[in-house]
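*Asks:* Here you go, one structure.
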Amino acid sequence: MKLSLLTAAGIFLPNEKAAARYALETWQPPIRKLFLQFTEYEERPTTEVIVIHHAGFPDGDKDSSAEEIHKFHQEVNGWAGIGYHYVIRKDGTIEQGRRPNMIGAHALHHNKNSVGICVAGNFDVAKPNHQQMDSLKLLTAWLCQKYELDPVARGVIVGHRDLNDTACPGKNLYAKLDDVRYYCRDFNR
Ligand SMILES: [Zn+2]
């Protein structure tokens, strides 16, 4: 319910702490919705893990959009569409890939209980920039809140390499995952 509706109904928040809690519960990071078309749709039964990826194109560190990855995953991989639920561009913009409640295609054997976030770039050769890290922290904190996950519990916020035989999300992003976990813990306190 919107705050204006609550106040219009004569329900007032008793103090600042409640107002802050209300703001946190209704807050959401800006996400650019692209309404991509998928060839199949299957709902994810549960969400227990947030998997961090990089785009990791072997020809180097570059930006890539959810639309480009969507096209690639459909036409080259033959998938239903983009495998990730979110893509974080080089300028920090968060783009919607798969619908949040769809089963993704980003971590073999782990798609039925996880959300996949792809950070654009190749972090074996470069470092994620500040805008990307800020967006990744906000998005992950919001997802932990939404799915009631403990960000510092083992196996909740993981790099793709923790689940499958891959270098993803690159050593330079993998090294920053503890920063993300502690940010999320403090954000949701
Ligand atoms: Zn990956």
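*Asks:* Return yes or no: is Phe38 away from the ligand (no atom under 16 Å from the Cβ) and in the same structural domain as Gln131 (by TED's automatic domain parsing)?
*Replies:* yes
*Asks:* Which count do you get for residues in the stretch 123-144 that are open to solvent by 10 Å² or more (accessible area, probe 1.4 Å) and of a type in the set (S, T, N, Q)?
*Replies:* Residues meeting the conditions: 3.
*Asks:* Here is a follow-up. Quick check on Gly56: is it within 16 Å of the ligand (Cβ to nearest atom), at pLDDT 95 or above and in a loop (DSSP other than H, G, I, E, B)?
*Replies:* no
*Asks:* Right, here's the next one. Would you mind stating whether Asp186 is within 16 Å of the ligand (Cβ to nearest atom) and either free of Cβ contacts under 8 Å to residues at least 12 places away in the same chain or not assigned by TED's automatic domain parsing to the domain that holds Asp91 (or both)?
*Replies:* Answer is no for this residue.
*Asks:* Another question about this same structure. Hey, among the residues in the stretch 145-169 that are surrounded by fewer than 21 Cβ atoms within 10 Å (Cβ to Cβ) and within 11 Å of Arg181 (Cβ to Cβ), which one's nearest to the ligand (Cβ to nearest atom)?
*Replies:* Val158
The values are calculated or read from the model by the stated rules, or taken from the named source; none is laboratory data. Keep in mind it's a predicted model, so treat the numbers as computed, not measured. Don't worry about glycine lacking a Cβ; one is built from the backbone with ideal geometry, like all the others, and counts go over all protein chains shown. Each accessible area value is taken on the protein alone, full model and side chains, heavy atoms only, with ligands, DNA and RNA left out. Shrake-Rupley method; radii C 1.70, N 1.55, O 1.52, S 1.80 Å.
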